[in-house]
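Working notes, beginning with the structure itself.
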Amino acid sequence: MDFTLNEEQQAIKAMARDFVNNEIMPVARKYDEEEAFPEEVMSSLREYGLFNLGIPEEYGGPGIDKLSHALIIEEMARGCAGIATSADANSLSAYPILVGGSEELKKKYLGRLTHEGKYAAFALTEPQAGSDVMGMTTTIERVGDEFVLNGEKCFITNATHANFFVVLAKLKGEQVSKTFNAIIVERDSEGVNVGPKEKKLGLRSSDTASVTFEEVRVPSQNIIGQIGDGFKIFMKALSQARPMAGAQALGVAQGAYEAALAYSKERKQFGKAIADFQGIQFMLADMAMSIEASRLLVHKAVYLLQKDTPSITAASFAKCFASDTAMKVVTDAVQIFGGYGYIREYPVEKYFRDAKIMQIYEGTNQIQRVVIAKELLKV
Ligand code: COS
C-alpha cells in the first residue's frame, strides 16, 4: 500500500494551495460579509483548470483523477467553504448525467458547463422531503412528446446562476420508487421561477435558493436514462458526491487546525505560549489525529470511485466522519482562540459557521448512519 501522492497529484495539490492562498484567502471574508457570489473567483478557477472537476476530459472537463479532485476541494474549502461549494456544484449536477445520461445529453449539457462557462444546479430537496427522498411531491406527466413538470425544490446551490436544473420528479399518479425520474430542465423554460437567495449561517458566498416549476414543458429526450431510473441515478450520484463533501469538511477542519496551531504558538498567558500547556497540546493532538483519520476515509472513498467500484459505505463513512470531525475541530479551534475566536476579524469564527452545514447537506449524518447500517445488515 502506497500512501504517497504521485508527482501529478503533488503538483496539483501545490498549485491548488497556491491559488487558494493568493486568490481565495484574501477575499473570502469580503464575500462572506457581503453574502456575494464570487464570480471573479469562479472565472479564475476556470482559467486555472480548477473548475468542473468531476467532468471527464472528453466532455471538456480537466480530466483529473478523483483523488486530485478531492485534493483540490480540500484546499479550496480550507480557503473558503462557500467558494468550494459554489465551485463544485457543477460536478454535483453532472453526476446524474454521467451516471445515467445518453451520449447526446452528456455532450450537450456537460459541454455547456465546460465550453460555455455555464452553471447547473442539482435539484433534489423539497420543502417537505429532505431526508425522505421518496416522500417528494414534484411530478412529471406525459403530454404528447413532452413532459409537464410541477413542484418546488429548495436549498438549491447555484440556483440563481443555473442555466439548467437536474431534477428528480415522480411520474404523476404513481407512488412507488420505480416511478422516479431524473430530468434536465432549462432555466429559461416558461414556468421556472427561482426564489430569492437564502440568508444563511455559513457558506455565505454560495447562493442557495428555491425553484418552483409550474406547468413547465420539458422535451422527453431530457429524461436521464429510462423512465423509472431516477431514484437510483440520484442515489448513485450522491455516492459520487459524498466523498467530495467529505473532502470539503476536511478542508474546513484543516484550515481551522492550522489557524489554531499558529495562534497557540503566538498567544502568551502565564508567561509562556499557550501551546506549552498540556491542555492545549491534547486539543491539538486530537485535532490532528481526527483530521488524518478523515483524510484516510476520504482518500479511500475516492480511490474506490477512481477504480469504478464506488462503495456506498465508504462514501458515507467519508462524508459523515469528516464532517463530524470538522464540527469538533472548529469548536476546539474557537476554544483555543478564546474570546478572539468569537470575533469576526479572526479566521476561526467563519470556519465555525461554515462547518455546521456539512453535517446536514448531501444527506444528514443521521441519514449517513442509516445508509451505513442498511449496508451492514444486508444479507
Ligand atoms: N446506489 C445505488 N442504489 C441505491 C443507493 C445508492 N447509493 N441507495 C439506495 N439505492 C437503491 C436501493 O438499493 C433500493 O433498490 P431496490 O429497490 O432495488 O432494493 C432503492 O434504491 C431504494 O433504496 P432504499 O430502500 O434504501 O430507500 P429509502 O427510501 O428507504 O432510503 C435514503 C433512502 C434514506 C438512503 C435516501 O432517501 C437518502 O439518501 N436520503 C438523503 C437524501 C440526501 O442526501 N439529500 C441531500 C440533498 S442533496 S445536497
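The values are calculated or read from the model by the stated rules, or taken from the named source; none is laboratory data. As the structure is a computational prediction, the values presented were derived from the model and not from experiment. Glycine also receives a Cβ, built like all others from the backbone with ideal geometry; neighbour counts cover every protein chain displayed.
Observations on the model:
- Ser220 meets each of the listed conditions (1) surrounded by fewer than 20 Cβ atoms within 10 Å (Cβ to Cβ); (2) of a type in the set (S, T, N, Q); (3) within 16 Å of the ligand (Cβ to nearest atom) apart from (3).
- Restricting attention to region 351-378, the residues that are touching a Gly at 6+ places or on another chain (Cβ under 8 Å) and more than 9 Å from the ligand (Cβ to nearest atom) total 7.
- Boolean, Glu104 is among the charged types (D, E, K, R), assigned by the TED database to the domain that holds Asp207 and modelled with pLDDT of 95 or more: no
- Matching residues, region 202-217, being surrounded by fewer than 18 Cβ atoms within 10 Å (Cβ to Cβ) and either of a type in the set (Asp, Glu) or within 16 Å of the ligand (Cβ to nearest atom) (or both): Glu214, Glu215
- Residue that is more than 18 Å from Val216 (Cα to Cα) and either more than 16 Å from the ligand (Cβ to nearest atom) or outside the structural domain of Leu92 (by the TED database) (or both), where the choices are Thr179, Thr138: Thr179
- Some residue of region 252-259 being closer than 21 Å to Asn158 by Cα, buried (at least 16 other Cβ atoms within 10 Å of the Cβ) and either in contact (Cβ under 8 Å) with a residue 12 or more places away in the chain or of a type in the set (Gly, Ala, Ser) (or both): yes
- Meets criteria (touching a residue at least 24 places away in the same chain (Cβ under 8 Å) and within 12 Å of the ligand (Cβ to nearest atom)) for Leu168: yes
- Residue check, Thr179 among the hydroxyl-bearing types (Ser, Thr, Tyr) and at pLDDT 95 or above: no
- A search for C-beta distances below 8 Å between a residue of region 353-379 that is within 25 Å of Gly341 (Cα to Cα) and any residue that is surrounded by fewer than 15 Cβ atoms within 10 Å (Cβ to Cβ) and of a type in the set (A, V, I, L, M, F, W, C), counting only pairs 6+ apart in sequence or on different chains, returns Arg353/Leu201; Lys356/Leu201; Ile357/Leu201.
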